[in-house]
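We did not get these values from a lab; they are worked out from the coordinates using the rules stated. Please read all numbers here as calculations on a predicted model, not as lab measurements. In this analysis, Cβ positions are derived from the backbone assuming ideal geometry, glycine residues included, and neighbour counts consider all displayed protein chains.
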Amino acid sequence: MIPHLSELSLGCAQLGNLYRAIDDEQARATVDRAWEQGIRYFDTAPHYGLGLSERRLGAALASRPRDEFVLSTKVGRLLERQPDAAGRDDQGFDVPAEFRRVWDFSRDGIRRSLDASLGRLGLDRVDIVYLHDPDDHYRDVIDHGYPALEELRGEGVVRAIGAGMNQSEMLADFARNTDMDLLMLAGRYTLLEQEALDDLLAQCERRGIGIVAAGVFNSGLLARSTPPDDAKYNYDDAPAELVQRARRIAAVCDRHGTTLPAAALLFPLAHPAVVSVCVGARSPEQVDRNIELHSRGVPAAVWRELKEEGLLRADAPVPAA
């Protein structure tokens, strides 16, 4: 069963010090502001800051009524303590390398991961569990990981199960061949990329599977009104041709009195399979900005011109004006 998700949700990788550190007070203030602004779906993972995101999110939500929010975490990477470790994490999070990530999609690994997450969150349950980045572990997931999640759902331990990835092809396969409830698609259904219309989104619409669209700013390329030369795309430096394409889209938005980030955030929500857009924030001010973008609206002329200029697929659903 798909829980009701707020249309805008908070991605909590930044609470795990993604790219740069924030303190506990700022992390709590970020979650508090999201709550004040009506966000009720929060997504985290052990991977984010080697458990730091889960600990901070759990602490920030501890005083909130448990039945009033939806929380998802992920499985597939176990955290193993490294007693003699030195230095910092090497996977993008500004935290001490006190743990190492170990891939494990076995039944035992799934259950151990979820138990550890509940301990860090300080909760007795989560609502949604996603298989996290199983790109190189397809056979393990089909044979062991997915059946383990089915078992947890059948026992009532979790309400919904799914997978979260940066590609649509394998998620489309899961949509065809499993009974997952939700799929988190990161960066592959955006103003720059709509190939997921052909496989994943069509499958999900037919089968009633919800899509949580993440990475809608394509790692930053669509996050500013005018994309800079050094913009990031897919966690790396953006190719020059993509920067130019993003600038052409931005120019169309500007001509009609809106912005590239507003169009980027609202675009995925027009597809009937998309149930939430998950956007990260590291401060209350960033939460406010995302709320403002979500509420701004985009003139119909923007979508029309983008399609006429070949900057958006002609068959892509677009938001109502």
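With the cut-off at 1.5 for a/c, could you classify segment 87-190 from its C-alpha gyration tensor as rounded, prolate or oblate?
In terms of gyration-tensor shape, oblate.
Nearest 5 percent is fine: what portion of the DSSP beta bridges confined to the chain is antiparallel?
Percentage antiparallel, nearest 5: 20.
If only Cα atoms are counted, what is the Rg of the chain, and what is its Dmax, in Å?
That works out to 19.1, 59 Å for Rg and Dmax.
Among 63, 85, 311, which residue has its Cα furthest toward the positive end of the charge dipole of the chain, with +1 on Lys/Arg Cβ and -1 on Asp/Glu Cβ?
Towards the positive end, the residue furthest out is 63.
Under unit Cβ charges (Lys, Arg +1; Asp, Glu -1), what dipole magnitude, rounded to 20 debye, does the chain have relative to its Cα centre?
540
Given 278, 253, 194, which one lies farthest toward the positive end of the charge dipole of the chain, if we put +1 on the Cβ of every Lys and Arg and -1 on the Cβ of every Asp and Glu?
Toward the positive end, the furthest listed residue is 253.
Please give the Cα centre distance for segment 148-198 versus segment 65-89, rounded to the nearest Å.
Centre-to-centre distance over Cα atoms comes out at 20 Å.
For the modelled label position 7 Å from the Cα of residue 7 along Cα-to-Cβ, which residues of segment 245-261 have backbone nitrogen atoms closer than 15 Å?
Label zone hits: none.
Take the alpha carbon atoms of segment 274-321, find their center, do the same for segment 34-62, and report the distance between the two centers in whole angstrom.
Each part reduced to its Cα centre gives a spacing of 24 Å.
About its Cα centre, what dipole magnitude does segment 67-127 give when the only charges are +1 on Lys and Arg Cβ and -1 on Asp and Glu Cβ, stated in debye to the nearest 20?
The calculation lands at about 240 debye.
Toward the positive end of the charge dipole of the chain, about the Cα centre and with charges on Cβ (Lys, Arg +1; Asp, Glu -1), which of 262, 46, 145 goes farthest?
Going by the charge dipole, the pick is 262.
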